[in-house]
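Down below is the structure, laid out as structure tokens.
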Amino acid sequence: MISDAVVASWLESFYEDARISNARQTDDDDRDLFNEELGTRFCSDVGSILRLKHNERCRHFYLCVDALGEEGLKRLGYILSQSSSLDQLILHRFSTKSRAEDLWIWAGIRQNRSISKLHMGQFYLFPEYFDIIGPFLVDNPDLTKLELIRCGLLPDGIELVATKLLQRQTDSIVELDLSDNLIRDNDMDMLCTFAKKSRSLRRLGLSSNEIKGKAVRDLAALLASNESFLREIHLGGNPFSLEEVLLLVKSLETNDQLKTLSLEGTDDSAVAKRVLALVCNGSSAAGAAKSNHTISSFGRPFDPTSNNYNAIGRVIPTDFGVPFETHLDDDETKLVRTALRLNHKDDRPGLKARRKIFWRHMRGDFHVGDDSIDISLMPRVISLVGHVYPCVAQGAGRCDACHKATAQLLCCQENGPRPEQSVLERIRLEAVYRILRARPELCLKEKSAEEKLRAAREENRMLRLENETLREENERLRSQQAVNDMRFHSLAL
């Protein structure tokens with residue numbers, strides 16, 4: 001560890017030496033310095049450094065700094081401190097050995113206020129360095145994306161990151177990635193506090209840490225509270241137990257914000273069953289309606305050897321992580337995957353609830369006659385069921401002839417649950433039963449035209465009698481008013 005006195009001395013030395021050298025350092029001097037340290041193969045990087053120096057057309061800067069020595073890092077740090085046009089900075093090293101010279105880079109970033117997206121890969125960030133990087137984390141109003149990956153963040157470092165972010169006056173952090181550090185079971189308190197307080201944070205990356213025990217319970221409590229605005233949490237590569245995975249999945253029962261929860265350790269029947277109950281509950285129609293209509297992916301972390309992930313590590317919507325086929329039957333697998341796709345593609349919770357009720361009812365998990373569903377929905381159910389085309393009812397999927405017409409129907413789902421004709425007939429009959437049970441007068445014999453005319457005449461007669469009664473009452477009131485007026489005048493005289 002480096003003492004605070006050494007850090008303070010380096011910082012003072014850095015700015016003093018950098019100011020002196022900058023006054024006499026020409027572009028040719030900088031070109032020679034970086035060409036010597038980086039090598040001629042990286043001449044384009046040298047050109048980017050010079051453009052960065054002059055704030056010319058350099059909004060995004062990427063560099064692997066393994067080859068840079070102390071002088072190159074110090075010079076680059078000062079250029080970063082003076083840049084006012086840089087928007088995205090990506091610096092990484094392949095070497096796993098910490099270097100004291102990294103301090104010059106952190107010292108340069110300290111002064112910068114234009115960077116909105118910072119990615120640092122394998123730059124060690126010791127607790128004492130936060131006195132240097134702190135002003136950037138606290139005072140940069142435009143910072144939206146912070147990725148400190150494999151930066152050797154110890155428990156104190158995790159707390160310091162969260163503390164600095166909590167001190168920000170502007171709530172602008174959208175993405176925070178602290179993957180591949182040393183977060184353990186007691187290190188999530190401040191981070192969860194920040195996630196709950198922030199109204200802008202949408203993505204939290206905590207993959208490949210040592211999260212377990214209390215840290216998992218803290219995360220589950222954060223999700224269950226539904227007080228954060230997080231849309232993605234990436235937790236792959238952590239040593240979760242089965243009980244901890246189930247706890248995280250259960251926490252989503254009351255969460256209507258999160259769309260992606262990437263996990264590992266999900267290859268278990270209990271997890272698959274819990275996910276099925278979460279996204280398409282089959283206990284009752286009310287249970288299906290209260291399913292989670294937001295979560296759409298239980299994907300895995302970025303794997304550069306897989307074609308199922310894009311270059312920035314995001315899980316694509318069609319990869320759901322949990323190996324359902326191993327632990328669910330074919331119908332259940334289709335049901336859970338279709339429910340996840342529906343959650344991803346559609347933003348209408350009411351339609352999602354109706355479809356999930358229909359799917360579960362279609363499977364025979366419950367019957368609408370046993371549930372208190374609004375009777376006004378029954379004609380719509382009959383209409384939807386009555387217009388299912390043969391290609392769907394017969395299990396043929398969808399055809400070009402009727403795909404557009406059936407695209408919005410409840411049971412027209414590619415690779416999803418498909419009803420048999422007998423099931424459709426049963427649903428229609430049950431819907432009719434619900435209508436007749438609620439409106440028994442519909443079963444009464446219809447009146448003849450003569451009876452309807454006689455009833456109308458009788459109704460008119462009653463209305464005339466009522467009008468005559470009202471007229472007589474009005475005459476009586478007027479007479480009474482006249483008598484009262486005469487008495488008033490007599491008393492006045």
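The values are calculated or read from the model by the stated rules, or taken from the named source; none is laboratory data. What you are looking at is a predicted structure, and each value in this text was computed from that prediction instead of being measured. Note that each Cβ is placed from the backbone with ideal geometry, even for glycine, and that neighbours are counted across all protein chains shown. Note: areas computed on protein heavy atoms with side chains; ligands, DNA, RNA excluded. Shrake-Rupley method; radii C 1.70, N 1.55, O 1.52, S 1.80 Å.
One line per residue, one yes/no per condition, for (1) under 23 Å from residue 102 (Cβ atoms); (2) out of contact with any Ser or Thr (no Cβ under 9 Å at 6 or more places or on another chain); (3) not acidic (Asp, Glu):
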residue	(1), (2), (3)
146	yes, yes, yes
153	yes, yes, yes
156	yes, yes, no
160	yes, yes, yes
188	no, yes, yes
192	no, no, yes
201	no, no, yes
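Scanning the stretch 42-78 for residues being closer than 13 Å to residue 115 by Cβ and of a type in the set (A, V, I, L, M, F, W, C) gives a total of 3.
Check whether at least one residue in the stretch 42-52 is under 22 Å from residue 143 (Cβ atoms) and either modelled with pLDDT under 85 or small (Gly, Ala, Ser) (or both), and report yes or no.
Going residue by residue through the stretch 42-52, those that are under 22 Å from residue 143 (Cβ atoms) are 48, 52.
When the remaining residues are screened for being either modelled with pLDDT under 85 or small (Gly, Ala, Ser) (or both), the result is 48.
Yes, some residue in the stretch 42-52 is under 22 Å from residue 143 (Cβ atoms) and either modelled with pLDDT under 85 or small (Gly, Ala, Ser) (or both).
Scanning the stretch 146-179 for residues that are acidic (Asp, Glu) and either modelled with pLDDT under 90 or farther than 20 Å from residue 126 by Cβ (or both) yields a count of 4.
When 155, 127 are checked against the criterion of being within 17 Å of residue 191 (Cα to Cα), open to solvent by 10 Å² or more (accessible area, probe 1.4 Å) and more than 29 Å from the chain's Cα centre (by Cα), a single residue qualifies: 127. Looking at the stretch 207-221, is at least one residue in contact (Cβ under 8 Å) with a residue 40 or more places away in the chain and either among the small types (Gly, Ala, Ser) or over 21 Å from residue 153 (Cβ atoms) (or both)? Taking every residue of the stretch 207-221 in turn, at least one turns out to be in contact (Cβ under 8 Å) with a residue 40 or more places away in the chain and either among the small types (Gly, Ala, Ser) or over 21 Å from residue 153 (Cβ atoms) (or both).
Looking only at the stretch 119-162, count every residue that is closer than 18 Å to residue 211 by Cβ, among the β-branched types (Val, Ile, Thr) and in a loop (DSSP other than H, G, I, E, B) and tell me the total. Qualifying residue count, the stretch 119-162: 0.
Taking the condition modelled with pLDDT of 90 or more, touching a Ser or Thr at 6+ places or on another chain (Cβ under 6 Å) and either within 25 Å of residue 184 (Cβ to Cβ) or open to solvent by 40 Å² or more (accessible area, probe 1.4 Å) (or both), does residue 87 pass?
It is false that residue 87 is modelled with pLDDT of 90 or more, touching a Ser or Thr at 6+ places or on another chain (Cβ under 6 Å) and either within 25 Å of residue 184 (Cβ to Cβ) or open to solvent by 40 Å² or more (accessible area, probe 1.4 Å) (or both).
Looking only at residues that are among the aliphatic types (A, V, I, L, M) and in a loop (DSSP other than H, G, I, E, B) in the stretch 93-118, which one is surrounded by the most Cβ atoms within 10 Å (Cβ to Cβ)? The residue in question is 115.
The set of residues in the stretch 163-185 that are open to solvent by less than 50 Å² (accessible area, probe 1.4 Å), among the basic types (Lys, Arg) and part of a loop (DSSP other than H, G, I, E, B) contains only 168. Report whether or not residue 153 is closer than 16 Å to residue 119 by Cβ and hydrophobic (A, V, I, L, M, F, W, C). Judged against the criteria, residue 153 is a match. All of (1) modelled with pLDDT under 85; (2) assigned to a loop (DSSP other than H, G, I, E, B) hold for residue 283 with one exception: (1).
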